[in-house]
Amino acid sequence: MKGVIFRCLRELVLERFGEDVWKKVLKESGLDEDFNVPPVGFVEDEIVLKIVQNLCKVANVSLEGVADLFGDYWVNVYSQRIYKVFYDEAKNAKDFILKLDRVHWLMTRNIPYANPPRFDYEWIDDNTLLMKYKSQRSLIDFAVGLLKGVRRYYNADFDVSKVDDNTIKVVFR
């Protein structure tokens, strides 16, 4: 997993829950309290997943809750520092969502071992979009959380929900 994902998670936990919780999560995950990853580095998926699992336990927050917190923080705080151009290029939330697969491809095409989720899109009607989530990581809850963050960023009016382990439903109003 890209180092920026780990760094965002670390920053979120420190800001939202504090340093003591972060240190306890790292300890529960079998890591040193000063464990860190450079933004351009990579960290094993299993390490980040273990950190998320232990964050749920230590902070008493559901996986969906952590995914929503992460999604909102990533979209509205962290990624604004490094990927703002992609948000500025989109006219609105719908436009951004429909460009999300291309953004993932553009940002990682020249990075060895990068394996971001990819999306296929299927319109059910004029307002209902099904997004097929394609990833071996099974982190669809985080994709839903990110879309909720996009909704807040653009002050948009849509519902987003997980249909199954590979499908997200977005209903625009």
> For the chain, what relative contact order do you get, as a whole percent, if you take Cα pairs closer than 8 Å and at least 6 residues apart?
Replying inline: 21
> Based on the Cβ-Cβ distance of Lys134 and Val77, what FRET efficiency does E = 1/(1 + (r/R0)^6) give at R0 = 45 Å, to the nearest 0.05?
Replying inline: 0.95
> Within the range 1-147, how many lysine pairs that are 8 or more places apart, or on different chains, have C-alpha atoms less than 13 Å apart?
Replying inline: 5
> Could you give me the ³J(HN,Hα) list for the range 40-48, computed from phi with Karplus coefficients 6.51, -1.76, 1.60 and θ = phi - 60°, whole Hz, x at Gly and Pro?
Replying inline: 8, x, 10, 10, 4, 3, 4, 5, 5
> Expressed in nm², what is the orientationally averaged projection area of the convex hull enclosing the Cα positions of the range 55-134?
Replying inline: 7.1
> Quick one: which of 16-26, 80-90 comes out on top by average Cβ neighbours within 10 Å, and what's the full order, highest first?
Replying inline: 16-26, 80-90
> Using 7 Å Cα-to-Cβ label points, what is the Arg118/Phe172 separation (nm, one decimal)?
Replying inline: 2.4
>> Can you compute log10 of I(q)/I(0) for the range 1-128 with the Debye formula, treating each Cα as one identical point scatterer, at q = 0.21, 0.22, 0.23 Å⁻¹?
In response: -1.31, -1.38, -1.44
> Can you work out ³J(HN,Hα) from phi for every residue in the range 75-89, in order, using Karplus 6.51 cos²θ - 1.76 cosθ + 1.60 and θ = phi - 60°, giving whole Hz and x for Gly and Pro?
Replying inline: 6, 8, 10, 5, 5, 5, 6, 10, 10, 4, 4, 5, 6, 5, 6
> Between Asp164 and Glu64, what length comes free when the chain is fully extended (0.36 nm per residue of separation minus the Cα-Cα distance, one decimal in nm)?
Replying inline: 34.6 nm
> Tell me which aspartates and glutamates have Cα within less than 14 Å of Lys162's Cα, excluding those fewer than 8 residues away on the same chain?
Replying inline: Glu64, Asp68, Asp141
>> Given the DSSP H assignment, sum -39500 (n - 2.57) over each helix run of at least 4 residues in the chain and divide by its residue total; what's the result at 222 nm in deg cm²/dmol, nearest 500?
In response: -16000 deg cm²/dmol
> Expressed in nm to one decimal, what extension gain is obtained for the pair Asp95 and Glu19 from 0.36 nm per residue of sequence separation less their Cα-Cα distance?
Replying inline: 23.6 nm
> Quick one: putting +1 on the C-beta of Lys and Arg, -1 on the C-beta of Asp and Glu, what dipole do you get for the chain around its Cα centre, in Debye to the nearest 20?
Replying inline: 320
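None of the figures in this text is laboratory data; all of them are computed from the coordinates on show. Please read these numbers as outputs of a predicted model, since none were measured by experiment. All Cβ positions, glycine included, derive from the backbone under ideal geometry; neighbour counts span all protein chains shown.
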